[in-house]
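K.L.:
One structure is given below, represented as structure tokens, and several questions about it will come after.
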Amino acid sequence: MTESNETVRMDDVVSLCARRGFIWQSSEIYGGINGFWDYGPLGVELKNNLKALWWQKVVRERDDVEGLDSSIIAHPRTWEASGHVEHFSDPLVDCRACKKRMRADQLDDAGACPARQGTSEHDWTPARNFNLMLKTFVGAQEDAAATAFLRAETCQSIFLDAKRVRESARQKIPFGIAQIGKAFRNEINPRNFTFRSREFEQAEMEFFIHPSEREKWFEHWLAERVEFHRALGFGDDRLRVRPHRPDELAHYANAAADIEFRFPFGWQEIEGVHDRGDWDLRRHGEYSGKELAITDELTKERYVPMVIETSVGVDRTCLALLCNAYAEEKLDDGETRTVLRLPLAVAPVKAAVLPLAKKIGEPAQEIARELRRSFNVFYDEAGNIGRRYRRQDEVGTPFCITYDFDSETDGKVTVRERDSMAQERIPVEGLRAHLQDRLEKAR
Ligand code: ATP
């Protein structure tokens with residue numbers, strides 16, 4: 001058996017995603033809308049599993065991080081205080097000849113100009129700043145006073161709610177607040193499938209600390225987050241940490257690092273870990289007029305806490321998982337199988353129950369019903385068994401359970417593993433515990 005993942009092409013991943021119901025372009029029947037994506041039956045399971053894993057590691061397994069689910073639209077002053085109204089923009093250029101619109105720092109991807117025969121070079125306008133925040137109106141008036149923004153990142157409400165969370169949850173510095181939710185950016189060139197979208201999901205955690213502990217907590221969280229990605233199966237050849245150069249750092253930041261994944265289109269950021277200093281709380285304190293400094297109970301020192309942030313893109317990580325998992329294998333019998341080697345914890349379907357023939361469907365359905373109490377299970381009785389296995393391999397189902405003509409007499413089923421394709425006979429009685437054990441061990 002030979003295997004190839006090195007040559008994974010985006011086209012293969014994109015086409016599998018649409019064909020098997022992971023992800024496709026939003027509003028397809030109207031020709032699509034650029035930068036927006038829909039997650040289908042398998043995609044939503046994958047995404048939910050990833051979010052649950054993040055929540056488990058970042059919130060539930062720690063007693064120093066609390067969860068939050070804030071509104072998408074916040075008071076418009078929020079975005080003035082955060083600096084987004086003034087600074088959250090990309091440089092935009094237009095080609096005077098073909099009207100193509102590009103980010104000025106991504107012109108290498110523009111290709112030739114179709115309207116300038118002879119030179120085929122674009123005729124770019126000077127760059128101008130384009131603010132990436134999406135606007136809307138709140139209330140019946142559509143004027144400047146009613147303008148609000150769809151959040152460009154989920155973290156700002158964490159800063160607005162920090163005092164309330166700290167007091168209600170009886171937390172002390174150091175502690176963190178985590179949130180998963182939608183963010184919106186009017187990206188000039190959405191591209192690379194879901195990698196750069198206009199609507200996407202972030203999982204962010206802001207950790208509030210004493211100013212003397214910036215380095216310690218930055219290192220701690222960077223290590224935690226790298227470990228998380230490693231556990232998703234991203235090896236050294238696919239994952240790296242890129243510390244920001246001093247000239248890349250925001251003026252208030254001490255340190256920042258991108259966690260990058262090697263996609264078929266190159267090394268790209270999937271998560272940022274940032275030391276944001278006291279910038280956010282200080283600014284929101286100034287703009288709201290509320291006191292956001294705290295007093296240390298022991299030393300009576302009064303200070304504005306500093307913040308270490310971890311910010312991961314849920315969609316980008318799903319895409320990394322899909323690219324990392326996709327493989328085409330040449331089997332010994334000369335056939336090729338497509339297999340998604342997704343980690344068990346995120347696989348959309350954990351087990352497929354497949355009766356060998358329709359006429360023994362009833363007891364097989366009973367097994368599926370029993371397993372569904374614990375996992376997401378798919379039941380399929382149509383078509384040849386080899387083809388049914390392949391369909392499950394292609395969507396990353398770790399276990400296929402076959403109910404055959406012996407099952408009725410020996411009370412056993414065949415459990416086939418996705419990766420090794422090894423098969424073993426397991427008593428129906430112990431099946432749920434067996435699978436549970438396997439899934440637990442893989443965590
Ligand atoms: P980039 O430089 O790629 O635009 P960024 O540095 O602006 O990203 P952050 O503001 O640090 O990104 O956002 C944190 C995370 O949110 C990113 O690591 C990424 O995973 C995700 N993210 C940001 N913008 C997008 C987008 N347009 N589409 C999908 N995910 C995004």
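Each value in this text was obtained by applying a stated rule to the coordinates, not by laboratory testing. All figures in this text were calculated on a predicted structure; none of them were measured in a lab. Positions of Cβ are generated from backbone atoms using ideal geometry, with glycine treated the same way; all protein chains shown enter the neighbour counts.
K.L.:
Over all Cα pairs of the range 354-393, how is the pair count split among 10 Å bins, expressed in % and running from 0 up to the last occupied bin?
P.N.:
In order of increasing distance, the bins hold 31, 52, 17 percent.
K.L.:
Roughly what would the spin-label model give for ALA145 and ASP12, points 7 Å off Cα along C-beta, in nm?
P.N.:
6.0
K.L.:
A further question follows. Which length gain, in nm to one decimal place, applies between ARG96 and ARG373 when the Cα-Cα distance is subtracted from 0.36 nm times their residue separation? Show your work: numbers first, answer last.
P.N.:
Numbers: separation 277, 0.36 × 277 = 99.72 nm, distance 6.07 nm.
93.7 nm is the gain from fully extending ARG96 to ARG373.
K.L.:
Based on the Cβ-Cβ distance of HIS75 and ASP109, what FRET efficiency does E = 1/(1 + (r/R0)^6) give at R0 = 30 Å, to the nearest 0.05?
P.N.:
Numbers: r = 37 Å, r/R0 = 1.24.
That pair, HIS75 with ASP109, gives E of 0.20.
K.L.:
Still on this structure, I have one more. Pairwise over distinct Cα atoms, reciprocal of the mean inverse distance: report the Kirkwood radius of the chain in Å, one decimal place. Kindly include the intermediate steps, with their values, before the conclusion.
P.N.:
Numbers: mean 1/r = 0.0405 Å⁻¹.
Here the Kirkwood hydrodynamic radius works out to 24.7 Å.
K.L.:
May I ask you to compute the full-extension gain from ARG390 to HIS251, defined as 0.36 nm times their residue separation minus their alpha-carbon distance, rounded to one decimal in nm?
P.N.:
Numbers: separation 139, 0.36 × 139 = 50.04 nm, distance 5.29 nm.
Answer, rounded to one decimal: 44.8 nm.
K.L.:
What would the Debye formula give as log10 I(q)/I(0) at q = 0.28 Å⁻¹ for the alpha-carbon point model of the range 131-172, no solvent?
P.N.:
Each listed q maps to, in turn, -0.92.
K.L.:
Next question. With all distinct Cα pairs included, what does the Kirkwood hydrodynamic radius of the range 109-192 come out to in Å, to one decimal, could you say? Spell out each step's value before the answer.
P.N.:
Working: mean 1/r = 0.0568 Å⁻¹.
It is 17.6 Å.
K.L.:
Follow-up. Using a cut-off of 24 Å between alpha-carbon atoms, which lysines can reach LYS359, once sequence neighbours fewer than 8 places away in the same chain are excluded?
P.N.:
Straight-line reach from LYS359, under 24 Å: LYS412.
K.L.:
Going by how many other beta carbons lie within 10 Å of each one, how would you line up GLU142, GLU224, GLU260, fewest first? All intermediate terms of the calculation are to be shown ahead of the outcome.
P.N.:
Numbers: GLU142 10, GLU224 15, GLU260 19.
Starting with the residue having the fewest Cβ neighbours, the order is GLU142, GLU224, GLU260.
K.L.:
Given springs between every Cα pair under 10 Å in a Gaussian network model of the chain, which of ARG416, ARG170, ARG101 has the largest fluctuation?
P.N.:
ARG170
K.L.:
Measure of size requested: the Rg and Dmax of the range 284-427, with Cα atoms as the atom set and Å as the unit; please supply both.
P.N.:
25.0, 76
K.L.:
Can you pull the percent of Cα pairs in the range 208-276 with separation above 15 Å? Don't skip to the end; give the middle numbers.
P.N.:
Values: 1290 of 2346 pairs.
Summing the P(r) of the range 208-276 above 15 Å gives 55 percent of all pairs.
K.L.:
Would you mind giving the three semi-axes, in whole Å and largest first, of the ellipsoid equivalent to the range 214-365 according to its Cα gyration tensor?
P.N.:
46, 21, 12
K.L.:
Name the aspartates and glutamates eligible as straight-distance cross-link partners of LYS300: C-alpha to C-alpha under 18 Å, and not fewer than 8 places from it in the same chain.
P.N.:
The reachable aspartates and glutamates, counting only those whose Cα sits under 18 Å from LYS300, are GLU167, GLU213, GLU291.
K.L.:
For a bin width of 10 Å, list the pair-distance distribution of the range 373-443 built from all Cα-Cα distances, rounded to whole %.
P.N.:
Computed distribution, short to long bins: 18, 54, 27, 1.
K.L.:
Then there is this: Counting just the Cα atoms, what span does the range 22-122 cover along each of its three principal axes? Round to the nearest Å and put the largest first.
P.N.:
65, 39, 25
K.L.:
So, one more: What length, rounded to one decimal in nm, is gained on full extension from ALA293 through to ASN129, with 0.36 nm per residue of separation minus their alpha-carbon distance?
P.N.:
Numbers: separation 164, 0.36 × 164 = 59.04 nm, distance 3.44 nm.
Roughly 55.6 nm would be gained on extension.
K.L.:
Based solely on its DSSP helices, what 222 nm [θ] is calculated for the chain when runs of n ≥ 4 H residues each add -39,500 (n - 2.57) and the sum is averaged over all residues, nearest 500 deg cm²/dmol?
P.N.:
On the way: 12 runs with 125 residues, N = 443.
Using -39500 (n - 2.57) per qualifying helix, the result is -8500 deg cm²/dmol.
K.L.:
Please find the FRET efficiency linking ARG432 to ARG60, where r is the Cβ-Cβ separation and R0 is fixed at 25 Å, and quote it to the nearest 0.05. Write down the numbers at each step before the final one.
P.N.:
Values: r = 24 Å, r/R0 = 0.95.
The formula returns an efficiency of 0.60 here.
K.L.:
May I ask what percent, to the nearest 5, of DSSP beta bridges between residues of the chain are antiparallel?
P.N.:
Values: 72 of 84 bridges.
So the antiparallel bridges amount to about 85 percent of the total.
K.L.:
Please work out the Cα center distance from the range 106-151 to the range 37-83, rounded to the nearest Å.
P.N.:
The two parts, judged by their Cα centres, are 28 Å apart.
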